[in-house]
Amino acid sequence: MKKLIVLFAMMGLLACALPIAAEEAPLQLLREEVVTDSGRLTTDSMAVASTMLVDDEMLDDEAADEDGGMHKILKTKFVEGSTTFMSLVALALVLGLAFCIERIIYLTLSEINAKKFMSDVDAKIEANDIEGAKQLCRETRGPVASICYQGLLRIHESLDSIERSIVSYGSVQTAKLEKGCTWITLFIALAPSLGFLGTVIGMVMAFDRIQQAGDISTSIVAEGMKVALITTIFGIIVAVVLQLFYNFILSKIEHLTSQMEESAITLMDAITKYKEKGIVKS
C-alpha cells in the first residue's frame, strides 16, 4: 500500500514537472523514457513540442522578411541590374531631388498674404506716407513686395513709366522663380534614357553570351533580359517621381505669378486714384 502511495506521488510530481519543462526547454521534452506500471510513456509529446517550435521559428523568419522586405527587394534588384547604369540612374534621382527641394523651399518662403500686404501699402499711399510704403516693401519678402517697391520708386513719374518698371521687374522676378527648373526637366528626361541605354547594352551582353556558349539557352536569354529590363524600370520610376515634384513646383510658380499680376494691377489702380485726387503728385 505504501509503495502504491509513493508511486502515485511520484507520478503526480512528474505530471506537474512536465508542463514546466515543456515551456522552458521545448527541444528537451521527454528525452528520457519514464517507466510506470502501465508501460512506457510515448514520445508523442516530444514530437508535438518540436513541431510547435519549428512553426514558431518559421513565423519569426516570415516576420523578419516582412520587416525588411521592401528594402531588401530594392537592394537586390539594384544589384541585379547593371551597377554602372543603376548608379547613373540613382545619381539622376539624387540631383533631381536636390533641385526640387531647393525650389520648393525658395517658393514657399516667397509666398505671403498678398491681399493684406496690398491693403497696408494702399493705406500708406492714401496717407501720403510713400517712405513708409517703401519701408514696408523692403521688410517683406517675396516677389510681390519687390515689384511694388519698384513701382513706388517711380511713383512721382508718369503712369506709363511706372507700368513699364513694374512689368520689367516682374519678368525678372518670374525668371528667379523658374531658376533651376530646366535642370529638373533634364533629369526627368535623362533617367529613362539611361534606363533604355542599360536595356540595350544588357541585350547586347546577352547575345554575346549566347554566341560564346554556341547555343541558345533559356537561362542565358532570361538573365540578360532581366538585367536589361530592371534598368528601364528604375529609370521610369525616377522620371515619375521627379515629374510629380516638378508639377508641384510649377503650380507654386503659377500661384506666385498670379499674385504678382494682381498686386501690380492693384498698385497701379491705387496710384492712379490718388494721383487724380492730388494726394500723390507727379
- Heavy atoms only, probe 1.4 Å: what % of the accessible area of segment 80-159 goes to carbon and sulfur, would you let me know? 59 percent
- When the Karplus curve 6.51 cos²θ - 1.76 cosθ + 1.60 is applied with θ = phi - 60°, which whole-Hz ³J(HN,Hα) does each residue of segment 128-143 get, with x for Gly and Pro? 6, 9, 5, 5, x, 5, 5, 5, 4, 5, 5, 7, 9, 7, x, x
- Query: For segment 103-150, which semi-axes, largest first and in whole Å, follow from the square roots of 5 times the eigenvalues of its Cα gyration tensor?
  - Reply: 22, 10, 7
- Unsatisfied cross-links (Cα-Cα over 24 Å) in the set LYS124/LYS275; LYS124/LYS179; LYS176/LYS275; LYS124/LYS277: LYS124/LYS179; LYS176/LYS275
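The values are calculated or read from the model by the stated rules, or taken from the named source; none is laboratory data. The structure displayed is predicted, hence computed values, not measured ones. Ligands, DNA and RNA are stripped out before the accessible areas are found, and what is left, the full protein with its side chains, is counted by its heavy atoms. Shrake-Rupley method; radii C 1.70, N 1.55, O 1.52, S 1.80 Å.
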